[in-house]
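Student: Next up is a structure, given as structure tokens.
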Amino acid sequence: MRIIKKYPNRRLYDTELSQYVKLTDIKKLVLSHIDFKTIDTRTDKEVTNSILLQIINEEESEQLPIFTTTMLKNMIRLYGSPLQKLISQFLEKNFAIFNQSPNDVKQYFKQYMGSENLFQTMADFSEKSMKLWQSMFDQYTHEDEQIKTKQGKNKASKTRKKQ
């Protein structure tokens, strides 16, 4: 696995090439499916995700964004919630499907979604997924509100007992 060192001055050093690299070079590694990890030289911690997020941030600001403002807000709201791990697994599995060859993706949609028309199938899949996630999110929100209400009642009860 290729090692990229991140120095305190924010410079990136490719240990295999023995030279400093830029985020565009790291992007090329990703596009070429070359495995790498980035290590912060000051802390010795892996910071690969941070570097990848920087690349995504640049892409999102320079081109037509993939992530809408609403999507980003919803993603932020999921951090720390019980759904965080579930969403992460869902996204990872769906990206794995799309990383297959186009014929494999077409076959997957034909087998599991009943259609070869990829664009219509993706639209239908997105709509079904949206409904599923909205239902799950609504259920989570309802359960979260019930927990908060119960906690509020318990606090009120304890306060009355102290008086």
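Student: Counting Lys +1, Arg +1, Asp -1, Glu -1, what net charge surrounds D44 among other residues with beta carbon under 14 Å of its beta carbon?
Tutor: Spelling it out: positives minus negatives among the neighbours equals +3.
Student: If you roll a 1.4 Å probe over the heavy atoms of the protein chains, what accessible area per residue do you get for the stretch 1-40, in Å²?
Tutor: 70 Å²
Student: Write out the trypsin sites (Lys or Arg not before Pro) in the stretch 1-36 meeting two conditions: DSSP loop, and at most 15 other Cβ atoms within 10 Å of their Cβ.
Tutor: R10, R11, K22
Student: Moving on to the next point. Hey, can you find the accessible area per residue of the stretch 44-101 for me, probe 1.4 Å, expressed in square angstrom?
Tutor: Heavy-atom SASA per residue in the stretch 44-101 reads 81 Å².
Student: Could you tell me the calculated FRET efficiency between S135 and K93, based on Cβ-Cβ distance and R0 = 22 angstrom, to the nearest 0.05?
Tutor: My answer for the efficiency is 0.75.
Student: How much accessible surface area, in Å² rounded to 10, belongs to the heavy atoms of D44 with a 1.4 Å probe?
Tutor: Around 120 Å² of this residue is reachable by solvent.
Student: Quick one: grab the alpha carbon gyration tensor of the stretch 1-76, order the square roots of its eigenvalues as a ≥ b ≥ c, and give me rounded if a/c is under 1.5, else prolate or oblate depending on whether a/b is larger than b/c.
Tutor: Prolate is the answer for the stretch 1-76, as a/c is 1.5 or above and a/b outweighs b/c.
Student: I would also like to ask the following. Taking the Cβ-Cβ separation of D124 and L53 as r and a Förster radius of 22 Å, what is the calculated FRET efficiency to the nearest 0.05?
Tutor: 0.10
The values are calculated or read from the model by the stated rules, or taken from the named source; none is laboratory data. Just so it is clear, the structure is predicted and the values come from calculations on it, not from any experiment. Cβ coordinates were reconstructed from backbone atoms using ideal geometry, including for glycine residues, and neighbour counts include every protein chain displayed. Ligands, DNA and RNA are excluded from the accessible area calculation, which covers all protein heavy atoms including side chains. Shrake-Rupley method; radii C 1.70, N 1.55, O 1.52, S 1.80 Å.
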